[in-house]
């Protein structure tokens with residue numbers, strides 16, 4: 001852990017800590033001067049005033065505690081100068097004991113605040129991944145149901161539409177892929193008149209970026225849209241009895257919200273068939289909008305892909321960036337495992353088995369480089385022990401299914417941690433290691 005992270009467990013940008021520390025310290029001094037003007041530090045009895053820097057150190061760590069002690073020192077020097085006290089009367093033992101107590105309590109507080117931050121980061125990441133997995137599961141179920149019903153005869157299916165959304169590229173202005181997304185939801189959810197608006201800082205922009213039908217510009221203060229922005233979820237006129245009485249010309253407002261809670265766009269539906277206003281259609285609208293928002297958020301990583309990594313799944317690349325940040329800021333380790341074999345039909349089936357045998361949080365990427373077929377598995381929030389358990393599980397899977405371990409079938413295994421190195425360079429080097437000449441020497 002870096003020194004500044006140890007001393008500032010809650011981040012260097014939270015300057016309000018300084019204001020609160022100085023306010024509490026000065027307030028304690030002023031109170032002490034009022035209660036005991038002849039001996040504000042109460043050196044003759046129990047020094048109750050030192051509870052203030054003690055609490056500050058427990059709350060914010062060592063550095064803020066030292067700032068509070070220095071505030072006490074400055075206050076005592078001003079008081080001594082006002083009373084013309086000689087230097088020999090400086091309470092050395094009082095300040096020495098107070099400073100030691102603050103250092104000890106600050107160290108204790110820093111350790112526990114750091115642990116709490118690690119737990120918060122772990123919880124945030126797992127909640128975000130759970131949200132993404134839930135959406136993907138629903139999309140899979142929805143696609144299957146539509147295929148059974150009436151999408152078999154259509155030229156464009158839900159799966160094809162989602163593939164189109166996955167190719168959305170970042171845009172400098174406006175929403176990328178707005179027309180594509182709107183045409184998809186209009187076709188699949190049977191909308192008649194609708195408009196898509198960009199949302200910045202939780203405020204609706206005045207002009208739509210894409211429209212369908214004879215759509216009139218929206219009133220950004222429309223109560224249905226405002227209620228949807230505030231709730232962060234799909235709102236329609238039948239959501240609650242009170243909404244039916246709102247003076248809104250819209251039937252549905254759908255926020256395009258990412259997995260981490262940011263609203264990037266708002267879909268306003270003005271007209272649609274009466275029978276289309278039903279639960280399944282509302283769920284489809286909500287999930288497609290969330291998928292669109294997640295696609296936009298992930299597309300921001302596309303410019304970072306080098307020519308050698310153009311076939312890398314954007315979810316895999318994005319997850320590596322997020323996990324690398326967790327490793328850098330919170331020392332939460334994650335592992336990257338790689339399996340490589342000479343490209344053949346047998347190795348394709350074997351690596352597919354590895355790709356399918358992943359946990360819910362894992363990300364996989366199967367690629368071909370020259371005559372090598374490679375399967376990369378990203379293991380979030382996993383250390384060396386978790387990696388060992390994962391590799392043992394893969395060995396048992398191969399023994400049960402193919403009768404031999406991966407190494408005996410010509411599959412080479414490598415693993416690495418996500419260190420400070422750039423994700424592009426990390427992937428390039430790791431793939432080069434898997435396909436290097438050292439395989440022939442083993």
Query raised in the report: Is it the case that some residue within the range 218-230 is closer than 29 Å to residue 302 by Cα and either in a helix (DSSP H, G or I) or at pLDDT below 80 (or both)?
Result: yes
Query raised in the report: Mind checking which residues of the range 75-99 are surrounded by 15 or more Cβ atoms within 10 Å (Cβ to Cβ) and either under 16 Å from residue 30 (Cβ atoms) or touching a helix residue (DSSP H, G or I) at 6+ places or on another chain (Cβ under 7 Å) (or both)?
Result: 75, 76, 79, 95, 98, 99
Report task. Could you please tell me which pairs satisfy a Cβ distance under 7 Å, a separation of 6+ or placement on different chains, a first residue in the range 22-46 that is over 13 Å from residue 71 (Cβ atoms), and a second residue that is assigned to a loop (DSSP other than H, G, I, E, B) and modelled with pLDDT under 70? Result -> 36/42
**Report entry** Positions within the range 1-31 being surrounded by 15 or more Cβ atoms within 10 Å (Cβ to Cβ) and modelled with pLDDT under 75, in sequence order
**Finding:** 5, 6, 7, 8, 9, 10
Requested in this report: Report, by residue number, each residue of the range 373-397 that is in contact with a helix residue (DSSP H, G or I) (Cβ under 7 Å, 6 or more places away or on another chain) and over 14 Å from residue 335 (Cβ atoms).
Outcome: 373, 374, 375, 397
Report summary line: Counted residues in the range 195-212 being modelled with pLDDT of 85 or more and more than 18 Å from residue 257 (Cα to Cα) come to 2
Query raised in the report: Does residue 351 qualify as being over 20 Å from residue 317 (Cβ atoms) and out of contact with any helix residue (DSSP H, G or I) (no Cβ under 6 Å at 6 or more places or on another chain)?
Result: no
Query - Breaking point among (1) surrounded by fewer than 15 Cβ atoms within 10 Å (Cβ to Cβ); (2) closer than 22 Å to residue 301 by Cβ; (3) in contact (Cβ under 8 Å) with a residue 12 or more places away in the chain, for residue 325 - result: (3)
Query raised in the report: Can you find even one residue in the range 250-259 that is within 26 Å of residue 360 (Cα to Cα), assigned to a loop (DSSP other than H, G, I, E, B) and at pLDDT below 85?
Result: yes
Requested in this report: Could you check, for the range 393-405, whether at least one of its residues is touching a residue at least 24 places away in the same chain (Cβ under 8 Å) and in a loop (DSSP other than H, G, I, E, B)?
Outcome: no
Report summary line: Across the range 357-375, the tally of residues that are within 22 Å of the chain's Cα centre (by Cα) and part of a strand (DSSP E or B) stands at 3
Report task. Name every residue in the range 53-71 that is more than 35 Å from the chain's Cα centre (by Cα) and under 12 Å from residue 101 (Cβ atoms), in order of residue number. Result -> 69
Requested in this report: Return yes when residue 175 is buried (at least 18 other Cβ atoms within 10 Å of the Cβ), modelled with pLDDT under 85, in contact with a strand residue (DSSP E or B) (Cβ under 7 Å, 6 or more places away or on another chain) and closer than 18 Å to residue 292 by Cβ and no when it is not.
Outcome: yes
Query raised in the report: Looking at this structure, is residue 130 outside the structural domain of residue 363 (by TED's automatic domain parsing), surrounded by fewer than 17 Cβ atoms within 10 Å (Cβ to Cβ), over 30 Å from residue 383 (Cα atoms) and modelled with pLDDT under 85?
Result: no
Requested in this report: Could you tell me whether residue 103 is touching a helix residue (DSSP H, G or I) at 6+ places or on another chain (Cβ under 7 Å), over 30 Å from residue 71 (Cα atoms) and surrounded by 13 or more Cβ atoms within 10 Å (Cβ to Cβ)?
Outcome: no
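Here is a yes/no grid of residues against (1) touching a strand residue (DSSP E or B) at 6+ places or on another chain (Cβ under 7 Å); (2) surrounded by 20 or more Cβ atoms within 10 Å (Cβ to Cβ); (3) outside the structural domain of residue 308 (by TED's automatic domain parsing); (4) closer than 16 Å to residue 340 by Cα:
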| site | (1), (2), (3), (4) |
| --- | --- |
| 359 | no, no, no, no |
| 363 | yes, yes, no, no |
| 366 | yes, no, no, yes |
| 379 | yes, yes, no, no |
| 384 | no, no, no, no |
| 389 | no, no, no, no |
| 392 | no, no, no, no |
| 411 | yes, yes, no, yes |
**Report entry** Extreme residue, surrounded by the most Cβ atoms within 10 Å (Cβ to Cβ), among residues of the range 178-195 that are in contact with a helix residue (DSSP H, G or I) (Cβ under 7 Å, 6 or more places away or on another chain), over 15 Å from residue 207 (Cα atoms) and in contact (Cβ under 8 Å) with a residue 60 or more places away in the chain
**Finding:** 181
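The values are calculated or read from the model by the stated rules, or taken from the named source; none is laboratory data. Everything numeric in this text was worked out from a predicted model, so none of it was measured. Because the Cβ atoms are built from the backbone with ideal geometry, glycine has one as well, and the counts that use them run over all protein chains shown.
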